[in-house]
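> Would you mind keeping the following structure in view while I ask a few things?
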Amino acid sequence: MSATDMPPPQSPGSGLNQRFRTLRTVLALMLREMSTRYGRSPGGYIWAILEPMGGVLILAVGFSLLLRNPPLGNSFILFYATGFVPFILYQNVSNTVARALTFSKPLLQYPIVTWIDPIIARFVLNALTSILVGYIVLFGVLMMTESRALLDVGPIVEAVGLLLLLSLGVGMLNCALFGLIDAWEVIWSVLMRPLFIASGVLFLYEDMPRGVQEILWYNPLFHITGIARTGFYPTYEASYASGLFVVGFSLIVLFLGTVLLHRYHRDILTR
């Protein structure tokens, strides 16, 4: 091989510099979202806590007037909190990831910012925020109800991990589809309206008729809700719940979203 055919030498640490540059870009995007999303509204992060807490209280009060006992345990507010908080975490993270390119579209004109940077930034920031908010809400519910429940941390951590993986996968796929199909955002919004009811927030899987169970089993959120509740109710066994199914479903949609974004992100940014 002649000297002219040899590749140009790379400076030592160039790969490390690239990783640090990506990290700095992601951190800058996270700080930008914190200031724009929470810094400009009165109360800021307080509303992120009050919103799910208010939703749980409304559900608990409303159903306590209709039912004598909750479907599980003896506290309406704890039962609905263990279903509502995971649903809100999924909804917040997946929706913000789905709109990551639109939110940071002006900054993506700079060569230093790649299409994956705003997705990572929004995912990390909103995942950490949602986990913190969920912890505060559930801790407050346990204090309010003076519950002596023996928490099993293992299933709770598993449920959170599955929620984050599912949220990232669905968010990335929708990020591509929102940019490629004009009507998809409206269609997705319509499809997701019954998801609150079909995700086990209001009832248990075991209380449903057999035919309904066979349909709801394919909703990964129902599996996650069941796994989460086993961590708060030691006597409850969600035998139907499969973490493997959730992981498989999440990896499939994550793979599809990554492939579409890698192939069409320039088309999405120029629409």
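> Please name all residue pairs, on different chains or six or more residues apart, with Cβ atoms under 6 Å, provided the first residue is in the range 252-271 and is in contact (Cβ under 8 Å) with a residue 12 or more places away in the chain and closer than 22 Å to Ser167 by Cβ and the second residue is acidic (Asp, Glu) and assigned to a loop (DSSP other than H, G, I, E, B).
Short answer, once both residue conditions are applied: none.
> Residues in the range 120-159 that are touching a Pro at 6+ places or on another chain (Cβ under 8 Å) and of a type outside the set (D, E, K, R): how many?
Looking only at that region, the number is 6.
> Report yes if some residue within the range 110-129 is modelled with pLDDT of 85 or more, surrounded by 19 or more Cβ atoms within 10 Å (Cβ to Cβ) and within 30 Å of Asn74 (Cα to Cα); otherwise report no.
Yes: one or more hits.
> Hey, which of the helices (runs of 4 or more DSSP H) in the range 148-246, taking only ones fully inside, have at least 2 residues that are crowded, with 19+ Cβ neighbours inside 10 Å?
Here the list reads 153-180, 220-232.
> Condition check: under 13 Å from the mean Cα position of the chain (by Cα) and more than 30 Å from Phe203 (Cβ to Cβ). Does Leu163 satisfy that?
So Leu163 fails the test.
> Something else about it: If you go through the range 165-183 one residue at a time, do you hit one that is at pLDDT 90 or above and over 30 Å from His265 (Cβ atoms)?
There is no residue in the range 165-183 that is at pLDDT 90 or above and over 30 Å from His265 (Cβ atoms).
> Counting only residues that are surrounded by fewer than 16 Cβ atoms within 10 Å (Cβ to Cβ) and either charged (D, E, K, R) or under 30 Å from Asp182 (Cβ atoms) (or both), how many does the range 247-263 have?
7
Conditions (1) at pLDDT below 80; (2) under 24 Å from the mean Cα position of the chain (by Cα), marked per residue:
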| residue | (1), (2) |
| --- | --- |
| Gly39 | yes, yes |
| Tyr45 | yes, yes |
| Leu50 | yes, yes |
| Leu66 | yes, no |
| Gly73 | yes, no |
| Ala100 | no, yes |
| Phe103 | no, yes |
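> Now a separate question. Is one or more of the residues making up the range 71-80 in a loop (DSSP other than H, G, I, E, B), touching an Asp or Glu at 6+ places or on another chain (Cβ under 7 Å) and touching a residue at least 24 places away in the same chain (Cβ under 8 Å)?
Checking the range 71-80: at least one residue is in a loop (DSSP other than H, G, I, E, B), touching an Asp or Glu at 6+ places or on another chain (Cβ under 7 Å) and touching a residue at least 24 places away in the same chain (Cβ under 8 Å).
The values are calculated or read from the model by the stated rules, or taken from the named source; none is laboratory data. All values reported here derive from a predicted model rather than from experimental measurement. FYI the Cβ positions are ideal-geometry reconstructions off the backbone, even for glycines, and counts take in every protein chain you see.
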